[in-house]
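Everything below concerns the one structure shown next.
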Amino acid sequence: MAKSTYNNQGLFSTYYLEKVIKEQTSEALESTYEQIKQRYASIAESTANLNESQTEDEFIRPVLKILGYSFGVQPALSTSQGTKQPDYAFFADQESLERARPYINTNAFFNTAIAVGDAKAWTRNLDKKLDGPGDPFSNSNPNFQIDFYIRTSELTWGILTSGKLWRLYHRDTSYKLDSFYEVDLEKILINEDTEAFRYFYYFFRSDAFAPDTSNQSFLDDVLSGSIRYTVSVSDDLGDKIYLALEELINGFLTFPDNNLNEGGS
């Protein structure tokens, strides 16, 4: 059910992710689902025909607002490839956005942002570049674009979305282009799968990026917990392999028909 709706491409430990999701509770989850469902219903018949701007105006930005985001739209970013404009710079709250606003269209605007985002048309393939005329950078692989924005803005997290699909990227692995956490929001809404919606809501709401008193966000905690879990499993597996080999060797040595002893003669 839920696992077929999300695609964890090595960003988190799937076991740890599932464990964390089961522990989450929120009174706002149901109302958030209903609001997004209503928004989707208003465009469901036209998604195949929406271009990028229409996808943003009619679905992505309304959903971002429902999820609690405060954001700057297409702020200029000076890069090694000239001035670029990621679609969104996300902030923890409106107050943080207003404090950053005097620096709009300078790289300092991103200093207090919590994530950077990029949006595509509903039907855009997020893993392939576009062929044909147009700006080469805008036509490049969307995975490359969001990695570029993450690194240039020096932010930790990035969101790439087509409205239908929503992806999370982390600076430590985004350069791989195939390491991300993805949720098929359209599939959730069509199936009216409120259980699967948990895998979208808890990872993509604005609160998931907001730092706590220790300067760690929910996403930071899930990632660090995933790393700890993976290391502990690896260590435990190593111990078990060692013990199994030791038992195998001892059995081989002590088996009478082998005519061996511990001295090797």
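Across the range 58-75, coupling constants 3J(HN,Hα) worked out from phi with the 6.51/-1.76/1.60 Karplus curve, θ = phi - 60°, read 8, 9, 4, 5, x, 5, 4, 5, 4, 7, x, 7, 10, 8, x, 9, 6, x Hz, and Gly and Pro carry x. Can you figure out the FRET efficiency of K19 with N51, using R₀ = 41 Å and their beta-carbon distance, to the nearest 0.05? Calculated transfer efficiency: 0.55. Apply the a/c threshold of 1.5 to the C-alpha gyration tensor of the range 41-103 and tell me whether it is rounded, prolate or oblate. Taking the square roots of the gyration eigenvalues as a ≥ b ≥ c, the range 41-103 is oblate. Name the shape class, rounded, prolate or oblate, that the alpha-carbon gyration tensor gives for the range 1-52, where a ≥ b ≥ c are the square roots of its eigenvalues, rounded holds for a/c under 1.5, and otherwise prolate holds if a/b is larger than b/c and oblate otherwise. It is oblate, given that a/c is not under 1.5 and a/b is not larger than b/c. Put simply, the amide H of K120, placed in the peptide plane, has neighbours under 5 Å in T161, S162, G163, leaving out anything fewer than 5 places away on its chain. If the segment from T83 to N215 were pulled out straight at 0.36 nm per residue, it would be longer than the present Cα-Cα gap by 44.5 nm.
Computed over the range 1-125, the range of Cα coordinates on each principal axis works out to 44, 37, 29 Å, biggest value leading. Accessible surface computed residue by residue for the range 44-197, with neighbouring protein chains in place and a 1.4 Å probe, gives 44 Å² per residue. Cross-link pairs exceeding 23 Å between alpha carbons, from the set K22/K128; K37/K84; K22/K176; K22/K187: K22/K128; K37/K84; K22/K176. A DSSP coil position with no more than 16 other Cβ atoms inside 10 Å describes the following GluC sites (Glu not before Pro) in the range 108-187: E154.
Shape summary of the range 59-162, radius of gyration then Dmax from alpha carbon positions: 13.5, 42 Å.
Counting pairs of alpha carbon atoms under 8 Å apart in space and at least six apart in sequence, what relative contact order in percent does the chain give? In percent, rounded to a whole number, it is 22. Across the range 165-208, the fraction of Cα-Cα pairs farther apart than 17 Å, rounded to a whole number, is 38%. Between T79 and K84, the built amide H atoms are under 5 Å apart, and every one of these is 5 or more places off in sequence or on another chain. Label sites at L177 and E30, each approximated as a point 7 angstrom past Cα along Cα to Cβ, lie 4.5 nm apart. Against the compact-protein benchmark of 2.2 N^0.38 Å, the Cα-based radius of gyration of the chain scales to 1.27. In order along the range 82-90, phi translates into HN-Hα couplings of x, 6, 10, 9, x, 5, 9, 10, 9 Hz, rounded to whole numbers, per the Karplus curve 6.51 cos²θ - 1.76 cosθ + 1.60 with θ = phi - 60° and x for Gly and Pro.
The values are calculated or read from the model by the stated rules, or taken from the named source; none is laboratory data. Since we're looking at a predicted model, the values are computed, not measured. Note that we place each Cβ from the backbone using ideal geometry, even for glycine, and neighbour counts take in every protein chain shown. Quick note on the areas: whole protein, heavy atoms, side chains included, nothing else; ligands and nucleic acids left out. Shrake-Rupley method; radii C 1.70, N 1.55, O 1.52, S 1.80 Å.
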